[in-house]
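*Asks:* If you scroll down you'll find the structure; I have some questions about it.
The values are calculated or read from the model by the stated rules, or taken from the named source; none is laboratory data. Since the model is a prediction, treat every value here as computed from it, not as a measurement. Don't worry about glycine lacking a Cβ; one is built from the backbone with ideal geometry, like all the others, and counts go over all protein chains shown. Note: accessible area is taken over every heavy atom of the protein model, side chains too, but ligands, DNA and RNA are not part of it. Shrake-Rupley method; radii C 1.70, N 1.55, O 1.52, S 1.80 Å.
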Amino acid sequence: NSTDNLQLTSWDLVGLETINRKQDLLAGDVKDVRIAKAASNYVLVAVRGQFDELKLIAYYVNPFGSFTEVAEYTAGDIGALAMVEMSNPAGHIVTAVRDQSGNLKLIVWDLHFATNGDISIVRLGQAEAGPVSALAVARARNFNGVFTAVRDSGGNLEVIPWKISSDGWTLTQGDEGSAGQIGYDISAAGLARGVGVAVADSEGKLRVMTWESSAEGDITVRHDTLVEGAVSEIDLLAT
């Protein structure tokens, strides 16, 4: 929020026209934040903390919209952060970060419920790639995994598919796609048989591109490109 604190707010949609604000929770100082559904009535928040540490915090959200912290996990320092919920039955969550060495790193996470009622955030598998200066991540829809869209060390766009084992411990990099030089704004969205990526190109214009992917987790064909006017921020959503 305006004081650089993590703020969670719950909202209630009433019918089709009214949105009511329910509850707020304030936590410590952060530089960046992402949120995803971890399980029924639970959300997982990933933050880049005030000292650049990656921290994951799990919250229970009750029927009245109030938040209760149930678990947290602190990892290494990062310079950029993205997160996505996977579509597999296990409900794993993937963070894509720029680590302290400037490289792309993917980490798979799970919210674990013990038989005694204890809740914990479990770190599963991880994978790394080369240096990046900007990144985005999207869940795949025709294989179990995710796509990362990154600005590489040469300033070019790379779209990398990652196949993830059902237990979340093994990440396998597939054949990637690429395009020309881009700016620092990237957003990605999984399509039925591929991925769409929206970027600010080297001239600051919105450029939307699509690639097809195989069920084995490889990018096979680059399809259409649409170029529109100048943009400063981008968010892409698949319907």
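*Asks:* Quick one: Leu56 ticks every box in (1) part of a strand (DSSP E or B); (2) within 20 Å of Asp175 (Cα to Cα); (3) open to solvent by less than 20 Å² (accessible area, probe 1.4 Å) bar one, so which box is it?
*Replies:* Here Leu56 clears every test but (2).
*Asks:* Which number in (1) touching a residue at least 40 places away in the same chain (Cβ under 8 Å); (2) over 17 Å from Leu106 (Cβ atoms); (3) crowded, with 22+ Cβ neighbours inside 10 Å marks the one condition that Ala188 misses?
*Replies:* (2)
*Asks:* Taking the range 36-53 as the search range and keeping residues that are in contact (Cβ under 8 Å) with a residue 40 or more places away in the chain and either in contact with a helix residue (DSSP H, G or I) (Cβ under 7 Å, 6 or more places away or on another chain) or part of a strand (DSSP E or B) (or both), which one is most open to solvent (accessible area, probe 1.4 Å)?
*Replies:* Our first condition is that a residue be in contact (Cβ under 8 Å) with a residue 40 or more places away in the chain; within the range 36-53, this holds for 36-39, 42, 44, 46-47, 50, 52.
Next, only the ones that are either in contact with a helix residue (DSSP H, G or I) (Cβ under 7 Å, 6 or more places away or on another chain) or part of a strand (DSSP E or B) (or both) stay: 36-39, 42, 44, 46-47.
Values: Ala36: 12, Lys37: 112, Ala38: 20, Ala39: 27, Tyr42: 40, Leu44: 5, Ala46: 0, Val47: 6 Å².
Ranking the qualifying residues of the range 36-53, first place goes to Lys37.
*Asks:* Among the residues of the range 92-133, what is the count of those that are touching a residue at least 60 places away in the same chain (Cβ under 8 Å), among the hydrophobic types (A, V, I, L, M, F, W, C) and out of contact with any Lys or Arg (no Cβ under 7 Å at 6 or more places or on another chain)?
*Replies:* Adding up the residues that qualify gives 7.
*Asks:* Given the criterion open to solvent by 30 Å² or more (accessible area, probe 1.4 Å), closer than 14 Å to Ser214 by Cβ and not acidic (Asp, Glu), identify the matching residue among Asn156, Asn144.
*Replies:* Going through Asn156, Asn144 in turn, just one is open to solvent by 30 Å² or more (accessible area, probe 1.4 Å), closer than 14 Å to Ser214 by Cβ and not acidic (Asp, Glu): Asn144.
*Asks:* OK, next. Got at least one residue in the range 90-98 being in contact with a strand residue (DSSP E or B) (Cβ under 9 Å, 6 or more places away or on another chain) and surrounded by fewer than 17 Cβ atoms within 10 Å (Cβ to Cβ)?
*Replies:* Yes: one or more hits.
*Asks:* Which of the following residues is over 22 Å from Arg151 (Cα atoms) and within 16 Å of the chain's Cα centre (by Cα): Leu106, Leu56? Before the answer, list the steps.
*Replies:* Numbers: Leu106 fails: over 22 Å from Arg151 (Cα atoms).
Checking each option against the conditions leaves just Leu56.
*Asks:* Within the range 191-215, restricting attention to residues that are in contact (Cβ under 8 Å) with a residue 60 or more places away in the chain and out of contact with any Pro (no Cβ under 8 Å at 6 or more places or on another chain), which residue is surrounded by the most Cβ atoms within 10 Å (Cβ to Cβ)?
*Replies:* First, pick out the residues of the range 191-215 that are in contact (Cβ under 8 Å) with a residue 60 or more places away in the chain: 197, 213-215.
With the extra rule that they be out of contact with any Pro (no Cβ under 8 Å at 6 or more places or on another chain), the set shrinks to 197, 214-215.
On the way: Val197: 24, Ser214: 16, Ala215: 11.
By that ranking, first place goes to Val197.
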